[in-house]
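J.: After the structure tokens below, expect a handful of questions from me.
The values are calculated or read from the model by the stated rules, or taken from the named source; none is laboratory data. The shown structure was predicted, so the numbers you read here are calculated from the model rather than taken from an experiment. We place every Cβ from the backbone using ideal geometry, glycine too, and count neighbours over all the protein chains shown.
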């Protein structure tokens, strides 16, 4: 029975959950095909054009000159590669090498754990590799072998798609809706092909950059994954907000599905004639479909001479028509079966025959219409229209034969059928090296023969009856085994608080890569300025080649601090806190090093923003899956760790508390923390936003060297941060230092050390390596800051650590507004003397702010951390039982 928030959420949905699953499954297939098809259009703009023999060739269509709409491309892009037709065929087919491999494992995983994660994680992998495809091509200078490797990895991810979807449909869709919802889901392949072809062509035409298509569809795939994880579940029983009415209906209608672990009857499946008839029919369909999906854009460009925009549009028309036929034929098929006009077996064979012989005939006719472009498009459109009946024919047939093993059957059928995706593109490339009509006609005759033979076999041996082995042997789950969901996450080797720490580290890594990326990219976005027309003895001599500011902070540090207060005991505070907060160095390292290399290889500063934006989206997905607000809400934390944290964090309240604003804003230690944060941020922002400018404008590093050498100080700072965090916890745990003394000691090291060595660096003149070493030593000292004042908010008030960090980090970040502007105003001529003044100001800020912290800082827990100390009465607790254990820790 639904109640509480689950009941409220269920009322937000206007349609049943099985239809939501159908829509999301449809969008899954759409995304799968856009990412699969995008290369088929993009490759026409990635390769160097081949000039045909200038003599008259009756089998080669002439270019039509209509406002230059169909003239050969003369792209201004330098990113064109000399790939042969055979190499292009291998590139296009390589996706299916990986695609075939993961079918059977994907089906078995889907049946064992549910299709949600088998489908979702597979699609996520494909989306990520699609997004990074341009980076790989650029980084390898157009190596076709590298592109083949990426496409294989994409295929590995997408191989789980149809087995997982079939398992989900078997668990969610009753027989009387099978053709309708199944067709909706599987017909996503047409819409995906339409969107992939048309949008790819439009994007490439608008930007004159083939890479944009990969960025776009990769990002869309990642967004789909987020919605999938939130909205869809393996079966009705596990769905948290399905209505009671729909759950009861599905329980009644889908009675032949077993929820127990099943022993797959491999012998029965592999010796079943209807299964092999399905396999053969799938081969026939895939042969024709892959001929169209991967090679129709090439035919339209190389033979009919459509330009890239027209190619994308006209290549899409047949699939729009196919989708319309798919949807209508699915409804008609269900109606014919429901009314008793056709038995299931006859309906499957009838619609499969239409989907085979129609395309076979009209694709062949298209090759005989010569160079009449519109007539050819018309024939392809009619042919693909007939192919739309395939989904309500043999595609849903696995659900008829065995609902319990539908995922495994689909894995076998679709996996073996996918082999044609390896053969067809390579065969087409080998047969059409000269791009003539005569060569393509052979391709279409072969497709005709394959359609004919495979359909005949399905008509003779196919069936729509549930097979006897569907009710195979089952094995009971142990009562102690737990749910499949728990089993998936039972293999963590680290305690959950360390996993949270690692994910928090990567949160800051991502925050800083996105924050810092502009600092290097801007050096390639602006017009170079000559420092002076006169001789300047303090201006360094250029060695190579071409920066300003960035400061963004929001919820990151307050939220992380609040999480650490809920998860990290005192004895591990400096270690885990230092690991988390040192992500700023690692993020700066990555951003500086990779930004320079990406810009150098792609010759495009925009690639930096695409890359780091995509990494952040990936992090978000993993964060949502792995991390939780506190130990009590974590679904797969061990009992041992949960009990340990409850004991160690007894001074952290589990009730919702009113923030004691007056006590916080009149707290001297809190303001000492604010001032120290201002000092640290002043020095850190001087380094993080302006060091790349200093290295370019004063020391004359080129963009690649700039990225590399700007990263060196942060590598050393990262190491110092982690080591000093461990050392600080050791000193406090062994009572060698009190908590207050340790915070002040490490904060002083993190202030005075950088202050001194940054100034020394400005006196190193044009000795580039000496300057880098001085900056490196300075940043090494700064690494002690995290186990010093950065974790101090957790000491003062674990209950209000998030609020404290918001105030401290927010006010400290104002130096991120002042510092880059001040540095820019003081260094207009980019001379050593001007930069020396910047570093002396930093020295003064470090010294004054550290002195304030030494006088007024503390590591003692404040009285207002205790809810009972505050005048306001606590609000209702978060726990459902309404109880909370509130204790005050009396000593540090």
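J.: Out of 383, 421, which single residue is buried (at least 18 other Cβ atoms within 10 Å of the Cβ) and under 25 Å from residue 102 (Cβ atoms)? Reasoning before the result, please.
T.: Values: 383 fails: under 25 Å from residue 102 (Cβ atoms).
Of 383, 421, the one residue that is buried (at least 18 other Cβ atoms within 10 Å of the Cβ) and under 25 Å from residue 102 (Cβ atoms) is 421.
J.: Continuing with this model, one more query. Confirm whether residue 193 is at pLDDT below 85 and either touching a helix residue (DSSP H, G or I) at 6+ places or on another chain (Cβ under 7 Å) or assigned to a helix (DSSP H, G or I) (or both).
T.: So residue 193 passes the test.
J.: Let me ask another. Could you please let me know if residue 137 is touching a strand residue (DSSP E or B) at 6+ places or on another chain (Cβ under 9 Å) and under 19 Å from residue 610 (Cβ atoms)?
T.: yes
J.: Being under 24 Å from residue 284 (Cβ atoms) and surrounded by fewer than 18 Cβ atoms within 10 Å (Cβ to Cβ) is the filter; apply it to region 428-438 and report the residue that is modelled with the highest pLDDT.
T.: Per the criteria, the residue is 431.
J.: May I ask you to verify whether residue 806 is more than 24 Å from residue 716 (Cβ to Cβ), touching a helix residue (DSSP H, G or I) at 6+ places or on another chain (Cβ under 7 Å) and surrounded by fewer than 21 Cβ atoms within 10 Å (Cβ to Cβ)?
T.: So residue 806 fits the description; yes.
J.: Quick test for you: out of 115, 98, pick the one residue that is at pLDDT below 85, under 22 Å from residue 25 (Cβ atoms) and in contact with a helix residue (DSSP H, G or I) (Cβ under 6 Å, 6 or more places away or on another chain).
T.: 115
J.: For the structure I just gave you, tell me whether residue 135 is modelled with pLDDT of 90 or more and either over 19 Å from residue 39 (Cβ atoms) or in contact with a helix residue (DSSP H, G or I) (Cβ under 9 Å, 6 or more places away or on another chain) (or both).
T.: Spelling it out, it is not the case that residue 135 is modelled with pLDDT of 90 or more and either over 19 Å from residue 39 (Cβ atoms) or in contact with a helix residue (DSSP H, G or I) (Cβ under 9 Å, 6 or more places away or on another chain) (or both).
J.: Residues of region 73-95 being over 18 Å from residue 427 (Cα atoms), at pLDDT 75 or above and touching a helix residue (DSSP H, G or I) at 6+ places or on another chain (Cβ under 9 Å), which ones?
T.: 80, 81, listed by residue number.
J.: On to the next question. Considering only residues that are over 12 Å from residue 233 (Cα atoms) and part of a helix (DSSP H, G or I), which ones fall in region 165-175? Quick ask: steps written out before the conclusion?
T.: If we filter region 165-175 for residues that are over 12 Å from residue 233 (Cα atoms), which is where we start, we get 166, 170, 173-175.
Residues satisfying the conditions are 166, 170, 175.
J.: I've got another one for you. For residues in region 450-484 being at pLDDT below 90 and part of a helix (DSSP H, G or I), which is surrounded by the fewest Cβ atoms within 10 Å (Cβ to Cβ)?
T.: 468
J.: Applying the selection to region 593-619, what residues are modelled with pLDDT of 80 or more and within 25 Å of residue 567 (Cβ to Cβ)?
T.: 615, 616, 619
J.: Continuing with this model, one more query. Out of all the residues in region 848-860, is one or more closer than 28 Å to residue 712 by Cα, buried (at least 21 other Cβ atoms within 10 Å of the Cβ) and either at pLDDT 85 or above or not assigned by TED's automatic domain parsing to the domain that holds residue 715 (or both)?
T.: Let us first name the residues in region 848-860 that are closer than 28 Å to residue 712 by Cα, namely 848-850.
If we keep only those that are buried (at least 21 other Cβ atoms within 10 Å of the Cβ) as well, we get 849-850.
Filter once more, so that each one left must be either at pLDDT 85 or above or not assigned by TED's automatic domain parsing to the domain that holds residue 715 (or both): 849-850.
Scanning region 848-860, I find at least one residue that is closer than 28 Å to residue 712 by Cα, buried (at least 21 other Cβ atoms within 10 Å of the Cβ) and either at pLDDT 85 or above or not assigned by TED's automatic domain parsing to the domain that holds residue 715 (or both), so the answer is yes.
J.: Which of the helices (runs of 4 or more DSSP H) found entirely inside region 198-295 contain at least 1 residues meeting this: under 30 Å from residue 607 (Cβ atoms) and modelled with pLDDT of 90 or more?
T.: So the answer is 211-231.
Residues are listed down the side, and each one gets a yes or a no for (1) more than 30 Å from residue 827 (Cβ to Cβ); (2) at pLDDT 70 or above; (3) surrounded by fewer than 24 Cβ atoms within 10 Å (Cβ to Cβ):
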position	(1), (2), (3)
549	no, no, yes
567	yes, yes, no
571	yes, yes, yes
582	no, yes, no
591	no, yes, no
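J.: Which numbered condition trips up residue 884, out of (1) part of a loop (DSSP other than H, G, I, E, B); (2) in the same structural domain as residue 750 (by TED's automatic domain parsing); (3) within 42 Å of the chain's Cα centre (by Cα); (4) at pLDDT below 85?
T.: Among (1) part of a loop (DSSP other than H, G, I, E, B); (2) in the same structural domain as residue 750 (by TED's automatic domain parsing); (3) within 42 Å of the chain's Cα centre (by Cα); (4) at pLDDT below 85, residue 884 violates only (2).
J.: Here's a check for you: in region 131-162, which residue that is part of a helix (DSSP H, G or I) and over 22 Å from the mean Cα position of the chain (by Cα) is surrounded by the fewest Cβ atoms within 10 Å (Cβ to Cβ)? Give the steps one after another, and end with the answer.
T.: Narrowing region 131-162 to residues part of a helix (DSSP H, G or I): 131-139, 144-158, 161-162.
From what is left, the residues that are over 22 Å from the mean Cα position of the chain (by Cα) are 144-145.
Values: 144: 19, 145: 11.
My answer is 145.
J.: Go over the candidates 657, 645, 625 one by one and state the one that is farther than 24 Å from residue 838 by Cα, assigned to a loop (DSSP other than H, G, I, E, B) and modelled with pLDDT under 85.
T.: Selected residue: 657, the only one of 657, 645, 625 that is farther than 24 Å from residue 838 by Cα, assigned to a loop (DSSP other than H, G, I, E, B) and modelled with pLDDT under 85.
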